[in-house]
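**Student:** Here it is, the structure, as structure tokens.
FYI, it's all coordinate maths here, none of it is from the lab. As the structure is a prediction and not an experimental result, all values here were calculated from the model. Neighbour counts are summed over all protein chains in view; Cβ atoms, including those assigned to glycine, are modelled from backbone coordinates with ideal geometry.
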Amino acid sequence: MPYLVRTSGPDKGMSWPVQATPIQIGRSTSADIIVSDSAVSRRHCEISLIGGKPTLVDLGSSNRTLVNGEPTSKCELRAGDELAVGPAVFLVINPDTAEEGFNPGDSGMTHTMTISPSAGLLLRDEQEAGQTAGRPKTVNDLAELYNIGRQISQASTIDDLLAILVRRLRARFKPATLWVGRYHSADKDLYCYSIPDVGIDGAATAPINAMKGALAEEQAKLVRGARTSSDHEIGFPVLVAPLVVSGGPIGALALALEKSSLPLDDGDLEFLFALAHQAAPFFVTVEREQKLTRDVERLRAQTGESSTLIGISDAMKSLRTQVREAAETDLNALILGETGTGKELAARMIHDFSARANDPFIVLNCAAIPHELMESELFGHVKGAFTGAHQDKTGRFEQANGGTLFLDEIGDLSAQHQAGVLRAIEQGTFHRVGSEHETRVNVRVVAATNRDLNAMMRDDTYRSDLYHRLNGFEIQMPTLRDRVEDIPELARHFLTLGRERAKRPLEGFTNEAFDHLQKFSWPGNVRELKSVVDRAIALCKEKKIRGSDLVVTPQLDVPASASAVSAAYTPRTLSEVEKQHIADTLQECGGNVRDAAKILGIGRSTLYNKIAEYQIKA
């Protein structure tokens, strides 16, 4: 039976059997496993046996559940998988196949030869080494180790690392079966990863004792007559090697070699030992990187920010792929899309996944800065450059040196400032306002706009040379109406964030509410959806948000199923529009002035004055 073992926090070392009845993890006191942290949702995820396989299902948590460092909505779990729920980390194990203790004297090994770290790897003459025909030369082995090292240095997940090791070990040894075991300090035992793309459960047949022995003695071994944890003899010779770093044991490699394999000699053992020694630090590095990713996500959640582009639609899968591809280059990027689609979030992810991630990410909204101040905002100024310049100021380009500068609403940049930005991008230099000194920077520019830059270039209102400089990598943000299937997940995400701030113990949405949300075209996209959910949190009087709690701004949004032809225009003054909007909002709030004022974004006294002015019956 598989178990879930907690490897961090106050309950470290505790375990829970995975059965048909789900194990629920969350912040709620009714959860089976309680994780008291603001990054964890009340009902975060659950784990149960589905079709006999341990399966994780995320319950719409705001910050997702990470499996081996990757955000996951639902997946089948394998032995050795690591789950992160906020700061809490769990390991999936199968103790039925793991033996108690770690006793190298009870390893079940016979007829062994060993190699220890002090033995080294020697270059020997081929004839002196007694190599059999067809056996690679020692120099070739070293070249192979070099190539493997280059490949595993690029691995970003444990699965990637395992896939590389499995592929190279199969090519070198042609084993009948192979295993990669992980030593876990929580219970000082060894558990085997399920090897991707091999189709075996590594823990089911692994020579656990032989692997423990190699790890305890820090020696590579050739074992004849090795036994599985269920005491069945493995009919093939088994090569085992420890994965050890200076900080302690990591795990072990094991290969069962078919009798038809080429004759073995100590060169095979040397090669496996050297490969294990080379791979061990990368397991530590990848796991540390995954932990840092979890910590960053948790910290962002605590500040109300999430770096995850949420959605299961094909459009969002394609977007995430584009973002990662853009991050792998150092080209400038141009993000296009309607307002409210999350262009800044995509830009931030490009930065976070890039080689510049440890350097600044600086944001400038080009539409929010007055024309006369834009040059100073972009490039800075020196003291006395103009009236009010009482001290030197560093501009956004200089602040972003080494990192990424995100220029939002780049389509609103004037012709004069377009020329300045173009020069800074092309030459990497600029002058602060009032200075003759040239400043040089290394900045990657990611720009975004909801305008049609091609039309602007045809009208000669936007520079084509700046457009081509910015458009090294173009990303088109999908609208919310093009990914309606993502609306429930987004709504749950905004509910989790909003109810934390509002201190409202809401449990979720009714099915009717989701149907209601999916009927509209959402011209304001994700930003508008968030606003509607925030209003619903304020209005809802039940445990779950209903369709009647969801107030979409009148005259702004229409049902997605409605005709594209709008109704005839009816002239109305701003006062008439305001009066009608206030009346509609009060009606939705059941006459509650406090709730209506919160939705309208005005004070209660102001609303009372408006009610009196327009003679609205509250």
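**Student:** Say R0 is 51 Å: what FRET efficiency, to the nearest 0.05, do residue 459 and residue 548 get from their beta-carbon distance?
**Tutor:** The computed FRET efficiency comes out at 0.65.
**Student:** I would also like to ask the following. For the peptides 73-83, 434-444, 320-330, what is the packing order when you average, over each peptide's residues, the other Cβ atoms within 10 Å and list the highest mean first?
**Tutor:** Highest mean packing first, the order is 73-83, 320-330, 434-444.
**Student:** Note down the nm distance, to one decimal, between modelled labels 7 Å out along Cα→Cβ at residue 245 and at residue 28.
**Tutor:** Once both label points are built, they end up 3.9 nm from each other.
**Student:** In addition: Name the residues whose placed amide hydrogens come within less than 5 Å of the amide hydrogen of residue 35, ignoring near sequence neighbours (fewer than 5 apart) on the same chain.
**Tutor:** Placed amide hydrogens put 26, 27 under 5 Å from residue 35.
**Student:** Here is a further query. Based on the Cβ-Cβ distance from residue 451 to residue 357, what FRET efficiency comes out when R0 is 41 Å, to the nearest 0.05?
**Tutor:** Efficiency for this residue pair is about 0.90.
**Student:** Beta carbons within 10 angstrom, averaged per residue: use that to sort the peptides 533-540, 154-161, 10-17, 377-384, highest first.
**Tutor:** Descending mean neighbour count gives 533-540, 377-384, 154-161, 10-17.
**Student:** Figure the gain on full extension for residue 36 and residue 504 (residue separation times 0.36 nm, minus the Cα-Cα span) and round it to one decimal in nm.
**Tutor:** Additional length available on full extension: 166.8 nm.
**Student:** I want to check the label-to-label distance for residue 167 and residue 476. Put each point 7 Å from Cα in the C-beta direction and report it in nm to one decimal.
**Tutor:** Going by the 7 Å Cα→Cβ label model, 3.2 nm.
**Student:** Cut-off under 19 Å on the C-alpha distance; same-chain residues fewer than 8 positions from residue 174 excluded. Which lysines are left, in chain and number order?
**Tutor:** Straight-distance partners of residue 174: 137, 221, 259.
**Student:** Let me ask something additional. Say the cut-off is 18 Å between C-alpha atoms; which of 291/317; 530/598; 519/543; 12/291; 53/74; 343/530 go over it?
**Tutor:** Table pairs above 18 Å Cα-Cα are 291/317; 519/543.
**Student:** In whole Å, how far is the Cα centre of segment 451-481 from that of segment 592-606?
**Tutor:** One Cα centre to the other: 40 Å.
**Student:** Which lysines does residue 383 reach when only Cα atoms under 27 Å apart count, and residues fewer than 8 places away in its own chain are ignored?
**Tutor:** Cross-link targets: 393.
**Student:** For a protection proxy built on the mean count of beta-carbon atoms within 10 angstrom, sort 402-411, 601-610, 277-286, 232-241 highest first, please.
**Tutor:** 402-411, 232-241, 277-286, 601-610
**Student:** Starting from the 7 Å offset along Cα-to-Cβ, what nm value, one decimal, do you get for the label separation of residue 21 and residue 70?
**Tutor:** With each label point 7 Å from Cα toward Cβ, the separation is 3.3 nm.
**Student:** Taking amide H atoms as placed 1.01 Å from N in the peptide plane, list the residues 5 or more away in sequence, or in a different chain, whose amide H sits under 5 Å from that of residue 189.
**Tutor:** For residue 189, the qualifying residues are 184.
**Student:** In whole Hz, what ³J(HN,Hα) sequence does segment 249-254 give by Karplus (6.51, -1.76, 1.60; θ = phi - 60°), x for Gly and Pro?
**Tutor:** Once θ is set to phi - 60°, the couplings for segment 249-254 become x, 10, x, 7, 9, 9 Hz.
**Student:** Then there's this: How large is ³J(HN,Hα) for each residue in segment 445-452, as worked out from phi by the Karplus curve 6.51 cos²θ - 1.76 cosθ + 1.60 (θ = phi - 60°), to whole Hz, x for Gly and Pro?
**Tutor:** After applying 6.51 cos²θ - 1.76 cosθ + 1.60, I find 9, 10, 10, 8, 7, 9, 8, 8 Hz.
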